[in-house]
Amino acid sequence: MFRLLPAAVSTPAHRRILPAFAALATAVFTGLASFGATSHAADEVPLDTLFARAATPTSLRATLAAWGEERATTEPEASGEAWYWIGESYYRQSQPDSAILAWERAWARRRGGLEADALVEALFERKGADDLDRAHTVAAARVPLARASSEVDHANALGRLAWSLVQRSQADSAAKMFARAERRLLSPTNSMRWIWQLRIAHAELAHGNVRRSLDLATPVAARNLLKDFDALDLLADATPGGASRAAPLIRNEMRLLIEERAGLVAAMKGSEVWFPSADGEPLSGIVIAPEGRGRARAAVAFVGTNESFDAWDSLATALRHAGVALILVEPRGTGSSRTKQFPSPESWRGFEDQLERETGREARAALRALALATPVDTSRFLVLAAGEMVGCAIEAARADSRVLALMLTSPDPSPVARGRVLAELGAVRPPVFIEVVSTDLNLYFMNVADLFLHAANESASRSADSRHMGPGVMVFRNDPEAFPRFKRWLDETWKLPPRSATPRKRPR
């Protein structure tokens, strides 16, 4: 959930702003120096091709800065897009000041929706001296632009403008504006639904509508398992008697969620286990194990931040029948793995690179939890991931040489992470099986899948296309051929010798 107060780990804005300018300046001039000798050739380089070439975020930002500055006068919209992605790269690495500067430049050059939305949200989060006024200005300018886009896009733009009014203590105007867009803001198909629900709850409380505020905030607090301080503080403020009186309001909501979750686990013939993360926080996993004696093959899967573990039901069941024991890992902020720092999937925003690495490295602990729950061979194991989570699978292979192979469904890392993820895959080169589903059968996804295939151990890797409806791992529900072809590859791959551990440098 986007926090209403700055994150506890943030450095004060006045101490971060000068290093942010320095970082941007370094990125620009380093990139310009490297591009200056070949500016003619650079004109022919499409922006989309730059992402896969850069093995580190720093080199990517330098390349994008050079590419964007070359086009600042002749192609301002293209230049603005480059600066949008520079901002995205900074933000994923928890460098909000540098990101805001990049998005300001992007907004000045092309005035696009992506940079406007990212800039406004980052200003809401940072809450510097002039940030809320600036957020209001950009949000107001964004609304007429969004009107020409989709209805959801327009609703989100109105929502940000309304939230800026809440921040400026204009609760009456904010409540009216939220009311105009509420149906779209709270639609289950809106990816920001839970953020809007809590924001509208705050607006209703400021407007004096306590009952409505409680009705909106209670499901948010229950969904985030009482770990979201924003929701809990709102409930305490809105309830006479404070937090102790607010707790019973969410008890029934949580009971229903727990019962629903237990039913899903039981339907998959699974069991829930807990294991500690690297920082000691408890993480949850769902174990689906084959029946019978003997040690089974082991597999670890990373559930997506915006999907429920039951999306994996058909694949998990097929693996169980094939003699493979699987643990579905729910990363921090998802499922039952809610923590105070990461209470929701939305709280990944601004920490993506950090959490991707930490989640991938927790495959070792997940394998240990799987082995405690059911007999498995821990000398080697399979790692599975889909969509944006594929970087976690690759990090798992980097961290543990026992990862024999990867199964990636519709790999789709953020463009600004693509080059880094591919470079890391190329460094370990495990066998990889890539499944691309029908909703992803376009040039973009096919090209990305090819990049992953070529970066892996290509001779032992395979790519398959399914024209049955997905999305993601749900293709295994609908395509009767999807699992048999994967199993044929898996059986052959399991005969391969173990991967060699990455040699460590000896101290001099």
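Any read-out appearing in this document is the output of simple, stated calculations on the displayed coordinates, not a laboratory observation. The shown structure was predicted, so the numbers you read here are calculated from the model rather than taken from an experiment. When we count neighbours, we look across all protein chains shown, and the Cβ atoms used for this are built from the backbone with ideal geometry, even at glycine.
Based on DSSP H segments of at least four residues, each scored -39500 (n - 2.57), the chain has a per-residue ellipticity at 222 nm of -18000 deg cm²/dmol.
The amide H of LEU283, built 1.01 Å from its N in the peptide plane, has PHE275, SER277 as neighbours under 5 Å, considering only residues 5 or more places off or on other chains. Modelled this way, with points 7 Å down the Cα-to-C-beta line, the labels at ALA427 and LEU256 are 4.7 nm from one another. Selection among GLY68, LEU326, ALA108 by position relative to the dipole of the chain gives LEU326 as farthest towards the positive end (Cβ unit charges, Cα centre). Take every Cα pair under 8 Å whose residues are at least 6 apart in sequence, average their separation, divide by the length of the chain, and the relative contact order is 11 percent. Each distinct pair of alpha carbons in the range 214-317 adds a 1/r term; the inverse of their mean, the Kirkwood radius, is 16.2 Å. Normalised by 2.2 N^0.38 Å, where N is the number of residues, the alpha-carbon radius of gyration of the range 85-226 equals 1.04. The charge dipole of the range 259-493, taken about its Cα centre with unit charges on the Cβ of Lys, Arg, Asp and Glu (plus for the first two, minus for the last two), comes to roughly 680 debye. Give the separation of the Cα centroids, the range 285-302 to the range 83-144, in Å. Rounded to whole Å, the Cα centres lie 45 Å apart. Rounded to the nearest whole Hz, the Karplus-based 3J(HN,Hα) values (6.51 cos²θ - 1.76 cosθ + 1.60, θ = phi - 60°) of the range 306-311 follow the sequence 10, 9, 8, 4, 6, 4, with x at glycine and proline. Looking at the chain alone, DSSP beta bridges between its own residues are antiparallel in about 30 percent of cases. Taking a straight line from the alpha carbon of LYS127, these lysines sit under 26 Å away, with near neighbours fewer than eight places off in the same chain left out: LYS176, LYS227, LYS340. Couplings 3J(HN,Hα) of the range 76-82, computed from phi: x, 5, 5, 4, x, 5, 4 Hz, in residue order, whole Hz [Karplus 6.51 cos²θ - 1.76 cosθ + 1.60, θ = phi - 60°; x for Gly and Pro].
With a simple spin-label model that places each label point 7 Å from the Cα along the Cα-to-Cβ direction, the separation between LYS269 and GLU481 comes to 2.7 nm.
Over the range 254-390, the hull volume per residue, using the convex hull of the C-alpha atoms, is 105 Å³.
Near GLY333, the amide H atoms lying under 5 Å from its own belong to ARG338, THR339; only residues 5 or more places off or on other chains count, and H is placed 1.01 Å from N. List the lysines whose Cα lies under 24 Å from the Cα of LYS487, skipping any in the same chain that are fewer than 8 positions away. Hits, sequence-local ones excluded: LYS269, LYS495.
For the range 129-197, trypsin sites (Lys or Arg not before Pro) meeting the loop criterion (DSSP other than H, G, I, E, B) and having at most 16 other Cβ atoms within 10 Å: ARG168. Remark: the chain carries a charge dipole of roughly 1260 debye about the Cα centre, counting +1 on each Lys and Arg Cβ and -1 on each Asp and Glu Cβ. Scalar couplings 3J(HN,Hα) for the range 139-145, obtained by applying the Karplus form with A = 6.51, B = -1.76, C = 1.60 to θ = phi - 60°, are 4, 5, 6, 6, 4, x, 5 Hz; x denotes Gly and Pro.
Overall dimensions of the chain, expressed as equivalent-ellipsoid semi-axes from the Cα gyration tensor (√(5λ), whole Å, largest first), are 37, 32, 20.
Test of understanding: ordering HIS136, HIS202, HIS321 by Cβ neighbours within 10 Å, fewest first, what list do you get?
Taking fewest neighbouring Cβ atoms as first place, the list is HIS321, HIS136, HIS202.
Database remark: amide H of MET407 closer than 5 angstrom to the amide H of VAL383, LEU384, ALA385, PHE433 (H placed geometrically; neighbours at sequence offset of 5 or more, or on other chains; Pro and chain starts carry no H).
Here the residues VAL390, VAL403, ranked from fewest to most Cβ neighbours within 10 Å of their Cβ, fall in the order VAL403, VAL390.
Taking other Cβ atoms within 10 Å as a rough exposure proxy, GLU70, GLU151 sort from fewest to most as GLU151, GLU70.
Across the range 259-493, how large is the tail of the calculated P(r) beyond 28 Å, expressed as a percent of all Cα pairs? Within the range 259-493, distances greater than 28 Å cover 23 percent of Cα pairs. Using Cα-only point scatterers and the Debye equation, what is log10 of I(q)/I(0) for the range 160-247 at each q in 0.17, 0.21, 0.25 Å⁻¹, rounded to two decimals? Debye intensities relative to I(0), on a log10 scale: -0.65, -0.97, -1.27.
The charge dipole of the range 134-196, taken about its Cα centre with unit charges on the Cβ atoms of Lys, Arg (+1), Asp and Glu (-1) only, comes to about 80 debye.
Ordering MET254, VAL220, VAL287 by the projection of their Cα atoms onto the charge dipole of the range 157-290, which places +1 on the Cβ of Lys and Arg and -1 on the Cβ of Asp and Glu, puts VAL220 at the extreme positive end. Sparse packing (at most 10 other Cβ atoms within 10 Å of the Cβ) combined with a DSSP loop state is found for the following GluC sites (Glu not before Pro) in the range 256-299: GLU291.
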